[in-house]
Amino acid sequence: MHSLFATGYLASPRCFAAHVDGPIPRALREEAEMKSFLEFVEDYVPTNGPLRLGQWSCTDGERPSGRLGPQARNYQATIAFGDQIGTSRAAASGPVAALTEMLHERGVAVEMTAFHQVPAGEHTATFVRGSGGGRTEWAMGWSDDPIESSLRAVIACANRLLAGALTPA
C-alpha cells in the first residue's frame with residue numbers, strides 16, 4: 001500500500017469536512033467542520049499503531065456468472081502486529097469481513113458497528129466505528145481506491161482501540 005496522504009490536502013487550511021463530497025457520520029460532523037484536514041487525520045488515522053497492513057489480495061480467479069447467491073471470496077494479507085509479520089487468509093463475503101476475521105485470528109478483536117463510505121474528490125473516505133474490549137472508537141481510511149480506503153479504516157480503528165486498551169485509566 002502506498003503513502004496514505006501524498007496529496008495537496010495537507011497544506012490546505014480548510015476544514016476536513018470541505019474535502020468530503022458526502023455526509024460525514026453524525027458523531028464526527030462537528031469535529032470535521034472545526035478541524036483542519038491534517039488535525040482530523042492525526043486524530044482518526046493513527047500511523048504509529050502496532051498493527052499494519054501490507055499486501056492485500058483476493059485470491060479467487062474469475063468466477064463463472066452461473067453461480068447464484070452470495071458466495072464467500074478468498075482473501076490473503078500480510079499483517080504486522082508489533083514485530084510479528086505474517087500472512088493471513090480468510091474466506092468471507094467481502095474485504096472488511098475478511099480483514100476482521102484475520103485480525104481476530106491474530107488476537108485483535110474488532111467488531112465493526114458502523115460503516116460509512118463517501119466520495120472525496122478523486123478519493124474515497126471511509127469512516128468506521130468499531131468495538132472491542134468494552135470500548136468503541138471511530139476511525140477513518142482515505143484512498144483513491146474504495147476497498148483500500150475501507151481496509152485502512154479497519155486498521156486505523158483497531159489501532160485506536162489498541163491504543164485505548166494500553167492507556168491507563
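Odds and ends about this structure:
- For R29 and R135, the difference between the fully extended length at 0.36 nm per residue and the C-alpha to C-alpha distance is 36.1 nm.
- Gain in span if fully extended, D145 to D83, counting 0.36 nm per residue against the direct Cα distance: 19.5 nm
- Fully extending the segment from E39 to D21, taken as 0.36 nm per residue of separation minus the present Cα-Cα distance, adds 4.6 nm.
- Highest average packing first - 78-91, 119-132, Cβ atoms within 10 Å: 119-132, 78-91
- Charge context of L103, other residues only, Cβ under 15 angstrom, K/R +1, D/E -1: +1
- In this structure segment 44-134 gives 56 Å² per residue of accessible area when probed at 1.4 Å with all protein chains present.
- 10 Å beta-carbon shell around R89, net charge (K/R +1, D/E -1): -2
The values are calculated or read from the model by the stated rules, or taken from the named source; none is laboratory data. A quick note: this is a predicted structure, and the numbers were derived from the prediction, not measured. Reconstructed Cβ throughout: ideal geometry from the backbone, glycine too, with neighbour counts over all protein chains shown. With ligands, DNA and RNA removed, areas are computed over all heavy atoms of the protein, side chains included. Shrake-Rupley method; radii C 1.70, N 1.55, O 1.52, S 1.80 Å.
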